[in-house]
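Notes follow the structure.
The values are calculated or read from the model by the stated rules, or taken from the named source; none is laboratory data. Everything numeric in this text was worked out from a predicted model, so none of it was measured. Please note: Cβ atoms are built from the backbone with ideal geometry, for glycine as well, and neighbour counts cover all protein chains shown.
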Amino acid sequence: MADKDKNPWTTLAQEVKYDNPWITLTEYNVLNPKGGKGIYGKVHFKNFAIGIVALDETNHIYLVGQYRFPLSQYSWEIPEGGGPLDVEPLESAKRELLEETGLKATSWEKLLDIHLSNSVSDEFGIIYLATQLSQHQAMPEDTEDLVIKKIPFEKAYEMLCRSEITDSLTVAALLKLKLMLSEK
């Protein structure tokens, strides 16, 4: 059995290939766990991925629809965005929820932590459950052309099961919430 705390990879050299305010792409020359030479690319994210399931007292949730440039397609998701690494993630979650939906919540619970694509990136996500909601003014960013819909949780879960929802934060959040609701 492998020692889970020992890194079996050896880095021979590394070079930053791309850098911007949100990500850094580094290429590594490596020896793999069996000793073979190769390369490995890693995308380092400079923010947390933050997701919020906004659940009201009638078990309705809020989904955000938007066109996702990297996918070249439309996506239905929970409210989500980036949270600076030097800011408490819950504060980023509160900002994102208000920004995208105009909602504020008085009750917050951490649902889960998630690595979003650990074969090529170190992106780390934190998902919260927000309840006891009140409506305020949404303030989307200039890069966001959003459609907000409030739907029964079970309908959102059915969308996930039909692969109409494929965003990883949303999929993980809805599966976790389904488990939580079935335990009540």
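Structure summary
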{"item": "Sole exception among (1) in contact with a His (Cβ under 9 Å, 6 or more places away or on another chain); (2) closer than 18 Å to V53 by Cβ for E123, by number", "result": "(2)"}
{"item": "Yes/no for L146 being at pLDDT 95 or above and of a type in the set (A, V, I, L, M)", "result": "no"}
{"item": "Test for A13: is it surrounded by fewer than 12 Cβ atoms within 10 Å (Cβ to Cβ) and either part of a strand (DSSP E or B) or not β-branched (V, I, T) (or both)", "result": "yes"}
